[in-house]
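I'd like to ask you about the structure that follows.
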Amino acid sequence: MREKVIEKKLAEEVKRRGGLCEKWNSGTSGWPDRIVLLPDGKFGFVEVKAPGEEPRPLQLHRHKQLRQLGYKVYVLDDKDRIGEILDDIQTT
């Protein structure tokens, strides 16, 4: 399964839950692909990868920066984890 397919399924499930799944184009490299905004002010960052792929070193550095600021960051490489990730975002 390609990254694009997983990303589309993520966006569909976020929309089904009443949220927004916006592409993040920050102008600099390494930031997560998507900002997930869910009802009640819940949000998280999601890096989407093809199955078995790992984030690049710069991406890992950006994830660490965001986590140090207290933000939730997820790496999604399996469509079956979408519900788990969104449930975690909604319960924080």
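Are there any strands (runs of 3 or more DSSP E) wholly within region 1-54 with 3 or more residues that are under 18 Å from Gly70 (Cβ atoms) and of a type in the set (A, V, I, L, M), and if so which? Can you show your working first?
Working: elements: 20-23, 34-38, 42-48.
Of the strands (runs of 3 or more DSSP E) lying wholly inside region 1-54, those with at least 3 residues that are under 18 Å from Gly70 (Cβ atoms) and of a type in the set (A, V, I, L, M) span 34-38.
Now, a different point. Could you please find all residues in region 57-73 being closer than 14 Å to Phe43 by Cβ, without any contact (Cβ under 8 Å) to a residue 40 or more places away in the chain and surrounded by 13 or more Cβ atoms within 10 Å (Cβ to Cβ)?
Selection gives Leu66, Tyr71, Lys72.
If we keep just the residues of region 8-48 that are out of contact with any Pro (no Cβ under 9 Å at 6 or more places or on another chain) and touching a residue at least 60 places away in the same chain (Cβ under 8 Å), which is most open to solvent (accessible area, probe 1.4 Å)?
Out of the qualifying residues, it is Lys9.
Being in contact with a His (Cβ under 9 Å, 6 or more places away or on another chain) and β-branched (Val, Ile, Thr) is the requirement here; does Val46 meet it? First the steps, then the outcome.
Working: in contact with a His (Cβ under 9 Å, 6 or more places away or on another chain): no; β-branched (Val, Ile, Thr): yes.
It is false that Val46 is in contact with a His (Cβ under 9 Å, 6 or more places away or on another chain) and β-branched (Val, Ile, Thr).
The values are calculated or read from the model by the stated rules, or taken from the named source; none is laboratory data. The structure presented is a predicted model; accordingly, all values stated were derived computationally and were not measured. Every residue, glycine among them, receives a Cβ derived from its backbone with ideal geometry; neighbour counts consider all protein chains shown. When the accessible area is computed, the model is the full protein with side chains, heavy atoms only, and any ligands, DNA or RNA have been set aside. Shrake-Rupley method; radii C 1.70, N 1.55, O 1.52, S 1.80 Å.
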